[in-house]
Amino acid sequence: MKILMIEDNQSVCEMMGMFFKKEKWEAEFAYDGEAAVEVYEKDHETIDIVLLDLNLPKKDGMQVAADIRRVSPTVPIIMLTARDSESDQVLGLEMGADDYVTKPFSPITLIARIKALYRRAQLGQITQRASKVASDFDVQTAHFKMNVKTREAFLNDKQIHDLTPKEFDLLKALASKPKQVFTREQLLQLVWNYEFYGDERTVDAHIKKLRQKMEKVGPKVIQTVWGVGYKFDDSDIEG
């Protein structure tokens with residue numbers, strides 16, 4: 001695995017560099033926002049995961065995330081933030097990050113988050129290169145179908161493009177049980193697989209991005225159940 005760590009604190013980079021070396025991962029470092037974008041644009045085909053600090057000189061981390069997403073809609077991004085405001089964390093997720101870790105963080109915790117996110121991304125990349133039977137769908141409803149092996153999803157026979165690993169897993173959890181209402185806490189447990197400190201607005205941010213991508217190809221099928229959570233329901237689609 002190759003990691004791009006975007007962090008202006010060189011001591012933090014040096015510390016994490018030792019942990020990356022222990023894991024036998026390759027790492028590249030950028031210490032300001034402008035340099036980070038240049039590095040990613042140059043080496044994006046070899047970078048497997050991005051660690052992105054929000055507080056950066058020259059270009060803010062939010063803008064860096066947007067610039068990276070223009071180059072690659074799917075590369076996994078973990079935000080590193082010293083900000084206490086939940087709104088900043090949710091905004092970062094809406095800008096395209098898949099996960100966040102609040103400073104000061106434990107290097108062991110960050111390594112665990114990287115491994116979890118990387119496994120999902122690798123599964124998608126490997127299986128997309130594999131051959132598949134067109135009719136082999138693991139989740140299928142009246143207007144939706146999903147192949148877990150190839151990490152592909154279709155609504156009204158149109159492919160939903162550029163789903164991040166978390167978005168795909170979130171969609172799978174909902175669509176596997178149509179009309180069942182899931183609370184935000186249940187979705188955190190099903191999709192993130194670790195304690196998320198009760199920040200249920202993380203789910204809202206990912207639902208928002210997922211809906212935007214799905215509604216490019218079809219009607220709104222992820223519905224909000226006010227005061228409870230979300231459900232997948234395509235039974236009212238015509239045709």
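The values are calculated or read from the model by the stated rules, or taken from the named source; none is laboratory data. Given the structure is predicted, the values throughout are model-derived calculations rather than measurements. Methodologically, a virtual Cβ is constructed for each residue, glycine included, from the backbone with ideal geometry; neighbour enumeration extends over all protein chains shown. Note: areas computed on protein heavy atoms with side chains; ligands, DNA, RNA excluded. Shrake-Rupley method; radii C 1.70, N 1.55, O 1.52, S 1.80 Å.
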Pick from region 28-44 the residues that are touching a Lys or Arg at 6+ places or on another chain (Cβ under 9 Å) and open to solvent by 40 Å² or more (accessible area, probe 1.4 Å): which of them is farthest from Gln63 (Cα to Cα)? Glu28
Within region 209-229, can one find any residue that is under 18 Å from the mean Cα position of the chain (by Cα), in contact (Cβ under 8 Å) with a residue 60 or more places away in the chain and either at negative phi or not in a loop (DSSP other than H, G, I, E, B) (or both)? yes
Can you confirm whether region 81-88 contains a residue that is farther than 21 Å from Thr202 by Cβ and touching a residue at least 12 places away in the same chain (Cβ under 8 Å)? no
Can you spot a residue in region 35-49 that is within 21 Å of Pro104 (Cα to Cα), assigned to a loop (DSSP other than H, G, I, E, B) and more than 17 Å from the chain's Cα centre (by Cα)? no
If you check Glu28, Glu41, Glu7, which single one turns out to be modelled with pLDDT of 90 or more, more than 30 Å from Ile207 (Cα to Cα) and not hydrophobic (A, V, I, L, M, F, W, C)? Glu28
Right, Ile237: among the β-branched types (Val, Ile, Thr) and either open to solvent by 10 Å² or more (accessible area, probe 1.4 Å) or free of Cβ contacts under 8 Å to residues at least 12 places away in the same chain (or both) or not? yes
Report the residue count in region 45-74 for those that are open to solvent by 40 Å² or more (accessible area, probe 1.4 Å) and closer than 22 Å to Lys209 by Cα. 6
Filter region 136-159 for residues that are of a type in the set (S, T, N, Q) and closer than 13 Å to Asp234 by Cβ; which is most open to solvent (accessible area, probe 1.4 Å)? Gln140
Subset of region 91-135 [open to solvent by 50 Å² or more (accessible area, probe 1.4 Å), at pLDDT below 80 and assigned to a loop (DSSP other than H, G, I, E, B)]: Met95, Ala130, Ser131, Lys132, Val133, Ala134, Ser135
Residues (open to solvent by 60 Å² or more (accessible area, probe 1.4 Å) and out of contact with any Pro (no Cβ under 6 Å at 6 or more places or on another chain)) located in region 160-175: His161, Lys172
Anything in region 1-27 that is outside any helix (DSSP H, G or I) and either open to solvent by less than 80 Å² (accessible area, probe 1.4 Å) or of a type in the set (Phe, Trp, Tyr) (or both)? List them, or say none. Met1, Lys2, Ile3, Leu4, Met5, Ile6, Glu7, Asp8, Asn9, Glu23, Trp25, Ala27
